[in-house]
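The values are calculated or read from the model by the stated rules, or taken from the named source; none is laboratory data. Remember, predicted model here, so these are calculated numbers, not experimental data. Don't worry about glycine lacking a Cβ; one is built from the backbone with ideal geometry, like all the others, and counts go over all protein chains shown.
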Amino acid sequence: MSVWRRTLDLLLGRRPVLMQVGAICRDPASGNVLLITSRDTGRWVIPKGWPMEGRTLPGAAAQEAWEEAGVRGRIRPAELGRFRYRKQQDQGYAVPVEMRVYLLSVDSVSDRFPEDRQRKRRWFAPVEAARMVVEPGLKQILAGLDRPDAA
């Protein structure tokens, strides 16, 4: 984004778009994907979070997959896709966020992980997972994994 565009957005009172990273955790044997519940609403989501200092964007997505879902594996360096959504803040307002999504091929699943007491997790076929999530852009990315030529 150009300096002029940022300046115009600030003058017009628009909030800048923030960036998060997310991991679609896929079982290489079945092709199923792992969804987790959000801590606040309990709706189905993918592991996601803010970029981390000292980590690449895919590396941060892989770390979120471990902390929130208890899975480890190989993260692909190329983005699987992007979508925008409005992230609700504790202060009562929502901010625009661009989610960059990476595919993680799951090697191991642990019963003990940092957020194991705060979330549920469940495997879904990609098309079923697409029906379970709220964000239209994420629905599209997940549904695309059902194609025969999908990653």
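Close contacts from segment 96-115, counting a first residue that is without any contact (Cβ under 8 Å) to a residue 60 or more places away in the chain and farther than 12 Å from Tyr85 by Cβ and a second that is among the basic types (Lys, Arg) and surrounded by 16 or more Cβ atoms within 10 Å (Cβ to Cβ), with Cβ to Cβ under 8 Å and a gap of 6+ residues or different chains, come to Asp107/Arg72; Ser108/Arg72; Ser110/Arg72. Please enumerate the residues belonging to segment 12-41 that are closer than 17 Å to Gln88 by Cβ, loosely packed, with under 12 Cβ neighbours inside 10 Å and either within 10 Å of the chain's Cα centre (by Cα) or without any contact (Cβ under 8 Å) to a residue 60 or more places away in the chain (or both). Asp40, Thr41 - these are the residues of segment 12-41 that are closer than 17 Å to Gln88 by Cβ, loosely packed, with under 12 Cβ neighbours inside 10 Å and either within 10 Å of the chain's Cα centre (by Cα) or without any contact (Cβ under 8 Å) to a residue 60 or more places away in the chain (or both).
Annotation: of all residues in segment 75-94 being among the small types (Gly, Ala, Ser) and outside any strand (DSSP E or B), the one that is farthest from Val33 (Cα to Cα) is Gly92. Screening Arg72, Arg100 for residues that are surrounded by fewer than 19 Cβ atoms within 10 Å (Cβ to Cβ), outside any helix (DSSP H, G or I) and of a type in the set (Lys, Arg) leaves exactly one candidate, Arg72. Restricting attention to segment 47-67, does a residue exist that is buried (at least 17 other Cβ atoms within 10 Å of the Cβ), not aromatic (Phe, Trp, Tyr) and not in a helix (DSSP H, G or I)? Yes, segment 47-67 has at least one match.
Yes or no: segment 93-108 includes at least one residue that is of a type in the set (Phe, Trp, Tyr) and either farther than 24 Å from Arg74 by Cβ or out of contact with any helix residue (DSSP H, G or I) (no Cβ under 7 Å at 6 or more places or on another chain) (or both). Can you show your working first?
Taking segment 93-108 as the starting set, the residues that turn out to be of a type in the set (Phe, Trp, Tyr) are 93, 102.
Next, from what is left, pick out any that are either farther than 24 Å from Arg74 by Cβ or out of contact with any helix residue (DSSP H, G or I) (no Cβ under 7 Å at 6 or more places or on another chain) (or both): 93.
The answer is yes, given that some residue of segment 93-108 is of a type in the set (Phe, Trp, Tyr) and either farther than 24 Å from Arg74 by Cβ or out of contact with any helix residue (DSSP H, G or I) (no Cβ under 7 Å at 6 or more places or on another chain) (or both).
Name the residue, out of Arg39, Arg14, Arg84, that is modelled with pLDDT under 95 and under 22 Å from Leu145 (Cα atoms).
On the way: Arg39 fails: under 22 Å from Leu145 (Cα atoms); Arg14 fails: under 22 Å from Leu145 (Cα atoms).
Being modelled with pLDDT under 95 and under 22 Å from Leu145 (Cα atoms) holds for just one of Arg39, Arg14, Arg84, which is Arg84.
Residue-level check: of (1) free of Cβ contacts under 8 Å to residues at least 60 places away in the same chain; (2) over 18 Å from Asp107 (Cβ atoms); (3) in contact with a Leu (Cβ under 6 Å, 6 or more places away or on another chain), Gly73 misses just (2).
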